[in-house]
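The values are calculated or read from the model by the stated rules, or taken from the named source; none is laboratory data. If you're wondering where the values come from, they're calculated on a predicted model, not measured in any experiment. Because the Cβ atoms are built from the backbone with ideal geometry, glycine has one as well, and the counts that use them run over all protein chains shown. For accessibility, only protein heavy atoms count, side chains too; no ligands or nucleic acids. Shrake-Rupley method; radii C 1.70, N 1.55, O 1.52, S 1.80 Å.
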Amino acid sequence: MTASDLSEASATTPGLPWRAKLAVVLLVILAVVVVLVSNRLLTDRYTADTRSRAEVRLALYTGNLMAELQRTSVVPLLLAGDPGLITALKDGNFSSTSAKLISLQSQLGVASIRLVDADGRVVGATNRNVLGTSHRNETYFVDAQRAKETVFTPVKRDAGGFDFVYSRAVLAESKVMGVIIVSVDLMKYERAWAGLQDAIMVTDSAGIVMLSTEPRWRGLPRDEALALRDPPSAISRALQATTEWAQEPPDAYVRGEAVMRTEARIPFRGWKIATFTAYGSVREQVNGILALEIMGFAILMAFTFYLLSRRAWSRSVSFQRESAELRLLNARLQRAIAEREKVKKDLEVAELTLAQSSKLAALGEMSAAVSHELNQPLAAMKTYLAGARLLLQRKRLDEALSSFQRVDDLIERMGAITRQLKSYARKGGEAFEEVDLRACVSSALAMMEPQLKARVVKISRGMPRQAVMVMADRLRLEQVIINLLRNALDATKDTKDPQIDILLSAGETATLTVRDNGHGITDLENLFEPFYTTKKPGEGVGLGLAISSGIVTDLGGRLTARNGEGGGAVFEMQLPILGNKQEAAE
């Protein structure tokens, strides 16, 4: 069984009937639609119920506040006409005033009562600790004297919140004898509201929060109070995180949380009361019903999958047979892979053998290269021997011995060149050493001295004062420089006023530039190809630059060529400088 057969078998394996698939899809769509519609309808219903209950509570809270305010507003009117208090203010005898006020407080159920004389000094109070304190500059004292009627004044406390005060002037013979001050206990409603789930606030006509279940809101504008962060427990309970899609558009946002706001007017000085109700109770009721619906659809879906699974079980037998065939196919594939790996190893061995054969074939090319490289030392030896013969005839023995020494050096160099044939059959024939590139240039110029003397060529050298050290084979490096100089000499053979510039620089790399003013390079692409030459037959075989490029590459550098701007050829040899020993070694 092949892989194609297996794919065909898999493609023809029967799956779920399209009717069964359609039934499952329709069931899922029906469940989603029913849940979404139920969620919207139930949310609307329970939200309306919650809002109605909040409105009922608001009416109750408003009635309680108005009852307390109206009941307390009558007390200053009654006390302002009390004969005992008027007599005490006239006579200045207040020994029994505080006791009388304490008795009246328990009967009337007000927060506190204070009697202030015309100078603003407290002369009687239900709280004896405030006796003798001055209220001369307080707003409620000044307004009561001016209005000659009951005045309501909210007094902001230093610790936050407000004291609500009714004040009225005590008159005797149309003269202000003092002021009666009655405090309204509205804080008891805050304490009662704090135990509820709703957050509640009462604001005045200017929008300033007068009463609130959140202490930090008191005294702030409504919008600024709602923007406060880190609310304590009351608002945290009222503003539980709710899911936006599962509720009506929210009436307000507090700290980014959506809430239901219910607001009503208090028929007193333009006050308003507002409650902020979370959607938590709505979601609990809606989620309970949605959970039952989802459970019903889950049971129906499980029954549907049970019916489909019976058919799938019957198909599992055929799948087992196919799995057995797959295992057999897998074993065959593993054997085929093993055979391919063996063939791959054989190919690698063949490639290595072919590479070695290629190296041996290169020896044939090197035989021509050696004859090319040995021509220079032979020509120099011929020149030195001719000069030595003349020196001997003139009996200048010391100079003749110097010529013979140079001939001996050239013979040693010829031996080194022939030994380089080994590097073409096997790498690593010569050991690298630290070489000063300036010395190599000087040695190459000395090697080329006979050819340079035979022609009138201007040689200019630019060398740095410090040593330019590279890691290289000295003989092979000098061979490259000699090849570049010889090419420059050949290029300027037909040039008037020939000139060769040798520039050595040391930066990130050691760069040797050889520039001439000859005819330039006509074919840059094939310049470094073996046996490519523009010389006449017998003058060269076209291996000098190819060999030089290979040597520079082995040394970790590169050899490039281009035409100069003013004519002539420019050769650049770049080698890793010895400052980076790691790169030079590689």
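Summary table below
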item	result
Filter result for the condition that a residue is open to solvent by 10 Å² or more (accessible area, probe 1.4 Å) and closer than 22 Å to G63 by Cα, over A194, A118	A194
Residue check for V75: surrounded by 19 or more Cβ atoms within 10 Å (Cβ to Cβ), out of contact with any Phe, Trp or Tyr (no Cβ under 6 Å at 6 or more places or on another chain), assigned to a helix (DSSP H, G or I) and at pLDDT 85 or above	yes
G387, sole failed condition from (1) at pLDDT 85 or above; (2) surrounded by 12 or more Cβ atoms within 10 Å (Cβ to Cβ); (3) not β-branched (V, I, T)	(1)
A324 open to solvent by less than 50 Å² (accessible area, probe 1.4 Å) and farther than 30 Å from R40 by Cβ	yes
Single condition N526 does not satisfy, out of (1) modelled with pLDDT of 85 or more; (2) of a type outside the set (A, V, I, L, M); (3) surrounded by fewer than 16 Cβ atoms within 10 Å (Cβ to Cβ)	(1)
Answer from L489, L452, L477 - the residue that is open to solvent by less than 50 Å² (accessible area, probe 1.4 Å), over 20 Å from Q574 (Cβ atoms), at pLDDT 85 or above and in contact with a helix residue (DSSP H, G or I) (Cβ under 9 Å, 6 or more places away or on another chain)	L489
Selected residue [part of a helix (DSSP H, G or I), in contact (Cβ under 8 Å) with a residue 24 or more places away in the chain and exposed (fewer than 14 other Cβ atoms within 10 Å of the Cβ)] from A59, A20, A48, A31	A59
Residues satisfying the stated conditions in segment 147-165, i.e. under 20 Å from S106 (Cα atoms) and either open to solvent by 10 Å² or more (accessible area, probe 1.4 Å) or polar (S, T, N, Q) (or both)	D163
Test: residue in segment 499-512 that is under 19 Å from R413 (Cβ atoms), modelled with pLDDT of 85 or more and open to solvent by less than 50 Å² (accessible area, probe 1.4 Å)	no
Pair list, Cβ under 6 Å, 6 or more apart: segment 451-463 residue under 20 Å from Q376 (Cα atoms), other residue modelled with pLDDT of 75 or more and in a loop (DSSP other than H, G, I, E, B)	V457/P498
Any hit, segment 352-372, residues being buried (at least 17 other Cβ atoms within 10 Å of the Cβ) and either hydroxyl-bearing (S, T, Y) or modelled with pLDDT of 80 or more (or both)	no
Residue match in segment 457-473 (condition: modelled with pLDDT of 80 or more, exposed (fewer than 14 other Cβ atoms within 10 Å of the Cβ), under 54 Å from the mean Cα position of the chain (by Cα) and assigned to a helix (DSSP H, G or I))	no
Selection count where residues are out of contact with any helix residue (DSSP H, G or I) (no Cβ under 8 Å at 6 or more places or on another chain) and either assigned to a loop (DSSP other than H, G, I, E, B) or open to solvent by less than 40 Å² (accessible area, probe 1.4 Å) (or both), scope segment 197-217	4
When residues of segment 543-574 are limited to those that are open to solvent by less than 50 Å² (accessible area, probe 1.4 Å) and either farther than 22 Å from I521 by Cβ or basic (K, R) (or both), the one modelled with the lowest pLDDT	L555
